[in-house]
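The values are calculated or read from the model by the stated rules, or taken from the named source; none is laboratory data. On a predicted model such as this, the values are computed, not experimentally measured, just so you know. Counting neighbours? That spans all protein chains shown, and the Cβs are built from the backbone with ideal geometry, glycine included.
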Amino acid sequence: MKSKKTIIGVVLAILAFSIFLISYSPKQQSFSDTVLIKMNMPLKGESISNIKITNTEETREDFKISFSNLEGFVKVDNNDFILDSEESTNIKIFIKDSKEEVGVYSGELIIQSAGRTERIPIILGVENPNSFFTIISHSLPEYEKVYPGGKFGAEIKLFDLVGTDLQTINSKNYIKNSKGDVVWSDEGNLVVGGSKVEIINIPENWPVGSYVFISIVEYKGVKTVASQLINISQKENFGSSENTKLVIMVLVLFFIGIIIMFIYFTKTRDSLIIELKRQQDRELKRNLEVIKISNQIQAVLKDEVLKALKQMEKDEKTS
């Protein structure tokens, strides 16, 4: 009985641990819910953006805010502050077109604490309010997961704002890394009022990180731009992601539980068969004893009857 309770307890513990693993997968929470800062502003314009930062560590932390590749474009009202655990603060990001040139400028907002550093991509689009065209660019769903050696796909649409009567116009496409370096470029034509699909092969030697896909058209010296973020991450092979590892671990624990139950029930079945055989042997032995005693009783009775008959015969003769 004690062994049975132990086996059941082990199996229940395995099942409970499996449920815990499925329902709880600890992940380090980010300092901010913002994953991208993307803003468009007119040529020579200014803008303000807000971002909330929360101390998700268990201890009091000293935070520092800085930017990469956006010197002169952005600044914050408070770049050094202290937060208690779970305490939050809002910081203002002041953006100004310091170059006075239409284009797309990319960089990162860097949040540093004593324990770790987080980076939020920033895309700033400087537009000419007197543009002849507008461009709409978005990634294709089948190419949303981008990795080195894979592909990125985008659909680019061009619309005429003033009625130029142009059928096509030359366009230039770029991909910039987080440092602002152009790592890929191409030229082609866009149909006015139509769309074009760009499929780009991502080199295997590109580091993972944030990139920006940029489309530009120019007409009569006026540029029109559009941009979108590309997140390049490692390709997930079977067993490489944390979720896959978790599922494998749960399955292993589940099968261990099944094996333990199988061994337990097999052992219980064998014990039951042995006990039944012992009980059968005891019953057979008892029955044999009963038969033996019955035979002995019958033999005694038979002798008594014979004696009685002989006595009766003897009495009849003498009478």
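Computed values, structure above
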read-out	value
Residues that are of a type in the set (Asp, Glu), assigned to a strand (DSSP E or B) and surrounded by fewer than 18 Cβ atoms within 10 Å (Cβ to Cβ), drawn from the stretch 44-73	Glu46, Asp62
From Ser85, Ser131, residue being assigned to a loop (DSSP other than H, G, I, E, B), modelled with pLDDT of 90 or more, touching an Asp or Glu at 6+ places or on another chain (Cβ under 6 Å) and surrounded by fewer than 20 Cβ atoms within 10 Å (Cβ to Cβ)	Ser85
Boolean, Ile199 is in contact (Cβ under 8 Å) with a residue 40 or more places away in the chain, part of a strand (DSSP E or B) and touching a helix residue (DSSP H, G or I) at 6+ places or on another chain (Cβ under 9 Å)	yes
Residues located in the stretch 168-221, provided they are in contact with a strand residue (DSSP E or B) (Cβ under 7 Å, 6 or more places away or on another chain), of a type in the set (S, T, N, Q) and either surrounded by fewer than 18 Cβ atoms within 10 Å (Cβ to Cβ) or farther than 30 Å from Ser233 by Cα (or both)	Thr168, Asn170, Ser185, Asn189, Ser195, Asn201
Given (1) among the aliphatic types (A, V, I, L, M); (2) within 30 Å of Ile65 (Cα to Cα); (3) crowded, with 16+ Cβ neighbours inside 10 Å, number of the condition Ile110 does not satisfy	(3)
Top-ranked residue in the stretch 128-167 [being touching a helix residue (DSSP H, G or I) at 6+ places or on another chain (Cβ under 8 Å) and free of Cβ contacts under 8 Å to residues at least 60 places away in the same chain; ranked as farthest from Glu236 (Cα to Cα)]	Gly153
Of residues in the stretch 222-238 being under 26 Å from the mean Cα position of the chain (by Cα), in a strand (DSSP E or B) and among the hydrophobic types (A, V, I, L, M, F, W, C), the one surrounded by the fewest Cβ atoms within 10 Å (Cβ to Cβ)	Leu229
Out of Phe63, Phe31, Phe94, Phe67, sole residue that is at pLDDT 90 or above, under 32 Å from the mean Cα position of the chain (by Cα), under 30 Å from Val217 (Cα atoms) and not assigned by TED's automatic domain parsing to the domain that holds Lys220	Phe67
